[in-house]
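Notes follow the structure.
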Amino acid sequence: MSEQSTIKPVRKAVFPVAGLGTRFLPATKVMPKEMLPINDKPLIQHVFEEAREAGIEEFIFVTGRYKEMLEEHFDFQPELEQTLEARGKDDMLKKVRDSEMPAGSLFLTRQPRPLGLGHAIWCAKKLVGDEPFAVLLPDVLIQGPQGCLKQMMDIYNETGGNILAVEDVPLQETSKYGIVDTGGDTSKSAAIKGLVEKPKPEEAPSTMAAVGRYILQPEVFEHLAAFETGAGGEIQLTDAMAKLIGKQSFQSLTFEGKSYDCGSRLGFIEANIAFGMRDAGIGNAVKEIVKKYATEL
Ligand code: UTP
């Protein structure tokens, strides 16, 4: 049997959406952070589309209190569709239909308390089962020539194992991210030798940060099940992955594109400018607005 035929395909993606979104209060007091819009789509739809482009067939939301709006967003909305049809608003109708999740492909589980990203992923254990899966953080958007998960999938289908999308970040910002140690290997795809969650700049093994896209093997659940707390008193995905390094292959991928942390106010504003400027309909007008405000300063 060739090595390639033993690589199990990645069919499922987990979207942790049970966090409190405290950095964006009061906007996120009632409305889920993942419903914040970038251009004309909520964050969760952007990442759903990225996963769909990568060939994902099953979409698993780890949801929590006050987050029902997220599943509603992907439902069939008969009254809205009828109204748009009657008014001949075909372009809007197309957009609404495109935001529908195919029947039988959305799966929900709950995280009763927001104990951390690792805990949220563990909550999806039964739905993922014994197969590789992707994780997409919905508050991180990635703009590039091709979806980030698709780029990761292309590598995964050759090599298998675990893959983390990484981006070079300023040294003073390492304490916001999980940082990978590639032993100084700066190749586009490098073997990961270690992982540290939110290290201080002086303790960071590199400036390559995991920005919220992962392809993981199911063994990570065994380590998440220990419910050990790490940085910030939260159950961290990074810590569980770190325990598997040496036992399984872990690779970083420096993807083509740029990430936006839309869970922070500045990242959200920057993403709206970046996505707005590239919009076929309003792009030029957005550029004019940006120029206008930049010259007023
Ligand atoms: P973040 O740490 O960015 O989200 O988690 P947060 O905790 O909601 O935000 P702040 O820091 O308080 O502003 C990244 C993703 O993981 C989910 C979040 O909903 C977000 O989409 N998450 C985080 C969970 O589902 N459960 C958790 O316990 C923590």
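Can you confirm whether segment 126-139 contains a residue that is among the acidic types (Asp, Glu), buried (at least 17 other Cβ atoms within 10 Å of the Cβ) and closer than 18 Å to residue 32 by Cα?
Initial filter on segment 126-139 (among the acidic types (Asp, Glu)): 130-131, 139.
With buried (at least 17 other Cβ atoms within 10 Å of the Cβ) added as a condition, the list becomes 139.
Retained after the next criterion (residues that are closer than 18 Å to residue 32 by Cα): 139.
Among the residues of segment 126-139, at least one is among the acidic types (Asp, Glu), buried (at least 17 other Cβ atoms within 10 Å of the Cβ) and closer than 18 Å to residue 32 by Cα, which makes the answer yes.
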Legend entry - Evaluation of residue 281 against (1) surrounded by 16 or more Cβ atoms within 10 Å (Cβ to Cβ); (2) not in a helix (DSSP H, G or I) (one fails), failing number: (1)
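In segment 241-270, what count of residues is obtained for those that are within 14 Å of the ligand (Cβ to nearest atom), buried (at least 22 other Cβ atoms within 10 Å of the Cβ) and part of a helix (DSSP H, G or I)? Before you say what the answer is, go through the steps one by one.
Our first condition is that a residue be within 14 Å of the ligand (Cβ to nearest atom); within segment 241-270, this holds for 259-268.
After this cut, where a residue has to be buried (at least 22 other Cβ atoms within 10 Å of the Cβ) as well, the list is 259-260, 262-263, 268.
Now restrict to residues that are part of a helix (DSSP H, G or I): 268.
Counting residues in segment 241-270 that are within 14 Å of the ligand (Cβ to nearest atom), buried (at least 22 other Cβ atoms within 10 Å of the Cβ) and part of a helix (DSSP H, G or I) gives 1.
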Legend entry - So residue 273, is it aliphatic (A, V, I, L, M) and in contact (Cβ under 8 Å) with a residue 40 or more places away in the chain: no
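Considering each of 67, 89 in turn, give the residue that is within 19 Å of the chain's Cα centre (by Cα), under 24 Å from residue 275 (Cβ atoms) and either of a type in the set (Lys, Arg) or within 16 Å of the ligand (Cβ to nearest atom) (or both). Working first, answer last.
Values: 89 fails: within 19 Å of the chain's Cα centre (by Cα).
That would be 67, the only listed residue that is within 19 Å of the chain's Cα centre (by Cα), under 24 Å from residue 275 (Cβ atoms) and either of a type in the set (Lys, Arg) or within 16 Å of the ligand (Cβ to nearest atom) (or both).
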Legend entry - Residue satisfying condition, being within 19 Å of residue 118 (Cβ to Cβ), without any contact (Cβ under 8 Å) to a residue 60 or more places away in the chain and over 19 Å from the mean Cα position of the chain (by Cα), within set 199, 205: 199
Legend entry - Unmet criterion (only one of (1) out of contact with any Lys or Arg (no Cβ under 8 Å at 6 or more places or on another chain); (2) under 19 Å from residue 47 (Cα atoms); (3) touching a residue at least 12 places away in the same chain (Cβ under 8 Å)) for residue 193: (2)
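Conditions tested, residue by residue: (1) at pLDDT 95 or above; (2) under 24 Å from residue 259 (Cβ atoms); (3) in a loop (DSSP other than H, G, I, E, B).
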position	(1), (2), (3)
83	yes, no, no
102	no, no, yes
108	yes, no, no
120	yes, yes, no
127	yes, no, no
135	yes, yes, no
149	yes, yes, no
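Would you be able to say whether some residue in segment 11-19 is near the ligand (Cβ under 10 Å from one of its atoms) and assigned to a helix (DSSP H, G or I)? Can you show your working first?
In the first step, residues of segment 11-19 are kept if they are near the ligand (Cβ under 10 Å from one of its atoms); the result is 14-19.
Those left that are additionally assigned to a helix (DSSP H, G or I): none.
Among the residues of segment 11-19, not one is near the ligand (Cβ under 10 Å from one of its atoms) and assigned to a helix (DSSP H, G or I), which makes the answer no.
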Legend entry - Number of positions in segment 21-38 that are buried (at least 19 other Cβ atoms within 10 Å of the Cβ) and either farther than 18 Å from residue 68 by Cα or more than 12 Å from the ligand (Cβ to nearest atom) (or both): 1
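When you scan segment 241-251, do you find a residue that is under 20 Å from residue 116 (Cα atoms), in contact with a helix residue (DSSP H, G or I) (Cβ under 9 Å, 6 or more places away or on another chain), among the small types (Gly, Ala, Ser) and touching a residue at least 60 places away in the same chain (Cβ under 8 Å), even just one? Reasoning before the result, please.
Of the residues in segment 241-251, the ones under 20 Å from residue 116 (Cα atoms) are 241-244.
Subsequent filtering for residues that are in contact with a helix residue (DSSP H, G or I) (Cβ under 9 Å, 6 or more places away or on another chain) retains 241-244.
From the residues that got through so far, the ones that are among the small types (Gly, Ala, Ser) too are 242.
Narrowing further to those that are touching a residue at least 60 places away in the same chain (Cβ under 8 Å): none.
No, there is no match, as no residue in segment 241-251 is under 20 Å from residue 116 (Cα atoms), in contact with a helix residue (DSSP H, G or I) (Cβ under 9 Å, 6 or more places away or on another chain), among the small types (Gly, Ala, Ser) and touching a residue at least 60 places away in the same chain (Cβ under 8 Å).
The values are calculated or read from the model by the stated rules, or taken from the named source; none is laboratory data. From a predicted model like this one, the values you see are computed outputs, not experimental measurements. As a convention, Cβ positions derive from the backbone with ideal geometry for all residues, glycine included, and neighbour counts pool all protein chains shown.
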